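Read-outs: derived from the displayed coordinates by stated rules, not from any lab. What you are looking at is a predicted structure, and each value in this text was computed from that prediction instead of being measured. Here Cβ is always computed from backbone atoms with ideal geometry, including for glycine, and neighbour counts include all displayed protein chains.
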Amino acid sequence: MLISGRGSNLAALLAAAGDPAFPAVIELVVSNRQGVAGLAGASAAGVASMVIEHRSFRDDRASHEAAIDTALRNAGIELVCLAGYMRLLTPFLVTAWAGRMLNIHPSLLPAFPGLNTHARALAAGVKLHGCTVHLVTNATDEGPILAQAAVPVLPDDTEASLAARVLAQEHVIYPLALRLLAGGNAGTPPSGSAALCNPLPTRLRVA
Ligand code: GRF
């Protein structure tokens, strides 16, 4: 798991992987920032973690990614999950882990790649928003989609309320997607992909 911060998706994956039937074990958490909440979560779960700070490599992205790659290989890692990892990857790491690296993005891709997805969804007036787990390719926030969940955008939503609704679904679909990929069932869409959609509330609260 590569993280940069809060680590709520890490927590969701750790919880799912606590099931002995889950087809993956979370072996290592790597953060590019010191002292973030996700590292405390890893520690509480008894999972090995390390900090490989990008700042200590200055602008040398290649060396930073080489250090991450070495750490992953030394730990015998087979799949990598980006979970709020806030660094753009270079083709080196993407190619090294092609087909074996997942990302979660807080929008229904291909809508709203990049940052500030919830604010942009509100500004665009979309009625459905959501989240996507996809394989990582060299194009940011693209790559084959493994799972998506949709949520309604409600009339009185703020960026925070919409983010919270989406985040709850992130915690559902990331374990689901990892289960599909690690279990060898993600390669043959549509049966190997998953989509979830929350039903709309029976009575919409209209402002
Ligand atoms: C999530 O919204 C995820 O979709 C995005 O970054 C956020 C990370 O949150 N890529 P957390 O650190 O998992 O709580």
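Tell me the mean residue ellipticity at 222 nm calculated for the chain from its helices only (DSSP H runs of n ≥ 4, each -39500 (n - 2.57), averaged over every residue, nearest 500).
Working: 6 runs with 70 residues, N = 207.
After summing the helix terms and dividing by residue count, I get -10500 deg cm²/dmol.
Relative contact order (percent) for the stretch 1-113, with alpha-carbon contacts under 8 angstrom and 6 or more residues of separation? Let's see the in-between values first.
Values: 157 pairs, mean separation 32.5, N = 113.
This gives 29 percent for the stretch 1-113.
Please list, in order along the stretch 81-98, the HN-Hα scalar couplings obtained from phi with the Karplus expression 6.51 cos²θ - 1.76 cosθ + 1.60 (θ = phi - 60°), rounded to whole Hz, x for Gly and Pro.
For the stretch 81-98, the Karplus-derived couplings read 10, 7, 9, x, 8, 9, 10, 6, 8, 8, x, 4, 6, 5, 5, 4, 10, 4 Hz, x marking Gly and Pro.
Would you mind checking which residues have amide H under 5 Å from L146's amide H? H placed 1.01 Å from N; only 5 or more apart, or other chain.
V133, H134, L135
How compact is the chain by the rule of thumb for globular proteins, expressed as Cα Rg over 2.2 N^0.38 Å? Write out the running numbers ahead of the final one.
Numbers: Rg = 17.2 Å, N = 207, 2.2 N^0.38 = 16.7 Å.
For the chain, the normalised Cα radius of gyration comes out at 1.03.
Sort the following peptides by mean Cβ neighbour count (other Cβ atoms within 10 Å, averaged over residues), highest first: 164-177, 146-159. Don't jump to the answer; show the numbers that get you there.
Values: 164-177: 20.2, 146-159: 18.4.
So the peptides 164-177, 146-159, ranked by packing, come out 164-177, 146-159.
For S49, enumerate residues with amide H under 5 Å from its amide H, sequence gap 5+ or separate chain, H modeled in the peptide plane.
V29
Apply the Karplus curve 6.51 cos²θ - 1.76 cosθ + 1.60, θ = phi - 60°, to the phi angles in the stretch 137-151 and return the couplings in whole Hz, x for Gly and Pro.
Once rounded to whole Hz, the list reads 10, 5, 8, 4, 6, 10, x, x, 8, 9, 7, 9, 10, 10, 10.
Normalised by the residues of the stretch 39-185, what does the relative contact order come to in percent, with Cα pairs under 8 Å and at least six apart? It would help to have the intermediate numbers written out before the result.
Working: 190 pairs, mean separation 25.5, N = 147.
About 17 percent, as a whole number.
So for each of 82-90, 5-13 I average, over its residues, the number of other beta carbons within 10 Å; can you give me the resulting order with the highest mean first? Show your work: numbers first, answer last.
On the way: 82-90: 17.9, 5-13: 21.1.
Most protected by this proxy first, the peptides run 5-13, 82-90.
Can you give the % of DSSP beta bridges in the chain that are antiparallel, to the nearest 5?
Here the antiparallel bridges make up roughly 45 percent for the chain.
Taking +1 at the Cβ of each Lys and Arg and -1 at the Cβ of each Asp and Glu, which of L146, I68, T117 sits farthest along the dipole of the chain towards its positive end, judged by Cα position relative to the Cα centre?
T117
Treat every Asp and Glu Cβ in the stretch 1-129 as -1 and every Lys and Arg Cβ as +1, leave all other atoms uncharged, and give the resulting dipole magnitude about the Cα centre to the nearest 20 debye.
Values: 10 positive and 8 negative charges, 87 e Å.
Computed about the Cα centre, the dipole is about 420 debye.
Nearest 10 degrees, 0 to 90: what angle lies between the long axis of helix 159-182 and the longest principal axis of the chain (Cα atoms)?
50
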